[in-house]
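Trainee: Sharing a structure here in structure tokens format.
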Amino acid sequence: MSDAFWLLDHLSNQQLLDSLGQVLRRQRRSLAELVAHLAEVEERRLHLEAAHCSLFDYCVRQLHMSEDEACRRIELARLTRRFPALFPLLASGDITLSAALVLKPVLTSDNHAELLEAARRKSIRETREMVAARFPSPDVPSTIRKLPEPNTVRASAPAPHSTPVAPLFAAPTPATAPCTTPRTDPPASSAPTDPPGAVAPPSVAPPSAHRIEPIATERYKLQLTIDASLKRQLETARDLLRHANPSGDFAPILSRALDLLVAELLRHRFGVGARRKANRDRKLTPANTPASASPPSTPATHIAHATRRAVLERDGLACTWVDASGNRCSSRAWLELDHRQPHGKGGGSDAENIRLLCRAHNQLAAEQAYGRAHIERAKATRRPFRRNTPSGRTAATDGHAVFSRAGGEHVGDSS
Ligand SMILES: [Zn+2]
């Protein structure tokens, strides 16, 4: 077998997926073995004999791990020493490194068997939810706090060989290594994530900028960074709502604001609650022509509000892509309306031919209908319109662009 392991062109799709599964199984087994070795090295104090003041220092300077990698693996090694039952779960992938570290603060000799069993095959978010439900924290107060200026943060950069200190790092562990406990996973927020597939969505805010963390059953802590303008809006809304919300808590304000926003978005995108306009549903709207997959000579169609509502009711607010095994994508982000039978190939705009897809699957459908090269060319011609502004929004602002400008609901659609 060639050493150029990254050359995979010769594999069939099924062989590629099988190979990926094998790599993942090896990687999980290797992780379990790695932490077992780290635990044993620390137990024997071999890092001290090797002239490193801590296992962390040994991992970073001797083994050339990154600081974060070293922290997480050492933390896991110590956890597995306390709870060896973790080893087979890590090796099988039933519990990931990140999930194990989410469980760490609540594991005891009495509960670990039951908790580890309950955490099998759970995602990080599900593990956090489970921990929050079983070990609830009190509600946090609504606050607005001024953040330090960016250059202030930079000035506190860590010294060489010291543990990096960042907002995502919590208190140091009471251990010999100068290792702090990092946050154990990407934020468990509702932040948009890359949809499945090879198609990248427009830029989103940095994941650390906003997060939603479960703190108890049906209770969450929301944290985000806002600008001065939004702060003024929040405070104005709070003042105007004082009669109904004497405490000034921001949660009811957000709730009422989001009620209005969601209603507006449902009206705009699906015609829910929209007043009927004469002939609107029968009109063609060339301005909404998807600049993407349609052959140039193909006229665009307008999808009637009634059709959109029917599709929404039938599909739910989620992607309807189903794979060969019957698994549904169910992404709720980047949703677009798609013609099952492309409009350019004679497909109509009735509810039977319209479905909800996330952007990644919509573009995959377009690629399957018209070929990847055609879609890539179409995307390239569309890109100037979709470029991101410094604020991270699309040029046509606020995400409405995705739906209304670029085809109303046909972005990447092959119709
Ligand atoms: Zn999807």
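Only the coordinates and a few stated rules stand behind these numbers; no lab work does. Since this is a predicted model, take the numbers as computed values, not measurements. Please note: Cβ atoms are built from the backbone with ideal geometry, for glycine as well, and neighbour counts cover all protein chains shown.
Trainee: The range 316-380 to the range 1-58: how many Å between their Cα centroids?
Mentor: Their Cα centres are 38 Å away from one another.
Trainee: From the phi angles alone, apply the Karplus equation (6.51, -1.76, 1.60; θ = phi - 60°) to the range 107-123 and give each ³J(HN,Hα) in whole Hz, x where the residue is Gly or Pro.
Mentor: 6, 9, 5, 7, 9, 5, 4, 6, 5, 5, 5, 5, 8, 3, 6, 8, 6
Trainee: Which residues' amide hydrogens lie under 5 Å from the amide hydrogen of residue 221, considering only partners 5 or more residues apart or on another chain, with H built in the peptide plane?
Mentor: Hits under the 5 Å cutoff: 213, 215.
Trainee: Provide 272, 262 in ascending order of the number of other Cβ atoms located within 10 Å of each residue's Cβ, fewest first.
Mentor: With the fewest neighbours first, 272, 262 line up as 262, 272.
Trainee: List the residues, sorted by chain then number, that are 5 or more residues from residue 340 or on another chain and whose placed amide H is less than 5 Å from its amide H.
Mentor: HN-HN under 5 Å from residue 340: 354, 355.
Trainee: Got a sec to turn the phi values of the range 312-328 into Karplus ³J(HN,Hα) couplings, 6.51 cos²θ - 1.76 cosθ + 1.60 with θ = phi - 60°, whole Hz, x for Gly and Pro?
Mentor: For the range 312-328, the Karplus curve yields 4, 5, 6, 8, x, 7, 7, 4, 9, 5, 10, 7, 5, 8, x, 7, 9 Hz.
Trainee: At 1.567 mPa s and 4 °C, plugging the Kirkwood radius over alpha-carbon pairs of the range 12-151 into Stokes-Einstein gives what diffusion coefficient in µm²/s?
Mentor: Numbers: Rh = 17.3 Å.
The diffusion coefficient I find is 75 µm²/s.
Trainee: Arranged from highest to lowest average of other beta-carbon atoms within 10 Å per residue, in what order do the peptides 239-247, 371-379, 66-74 appear? Please list the in-between numbers first.
Mentor: Numbers: 239-247: 10.8, 371-379: 15.1, 66-74: 20.0.
Result, highest mean first: 66-74, 371-379, 239-247.
Trainee: Another question, if that's okay. Can you tell me the order of 316-323, 142-149 when each peptide is scored by its average per-residue count of other Cβ atoms within 10 angstrom, highest first?
Mentor: Result, highest mean Cβ count within 10 Å first: 316-323, 142-149.
Trainee: Once amide H atoms are built 1.01 Å from N in the peptide plane, which residues 5 or more positions from residue 358, or in another chain, come under 5 Å H to H?
Mentor: Amide H neighbours of residue 358, under 5 Å, 5+ apart: 319, 320, 321, 336.
Trainee: Only Lys, Arg, Asp and Glu count, each charged at its Cβ (+1, +1, -1, -1), so figure out the dipole size of the range 13-134 about its Cα centre, rounded to 20 debye.
Mentor: Taking the Cα centre of the range 13-134 as origin, the dipole is about 200 debye.
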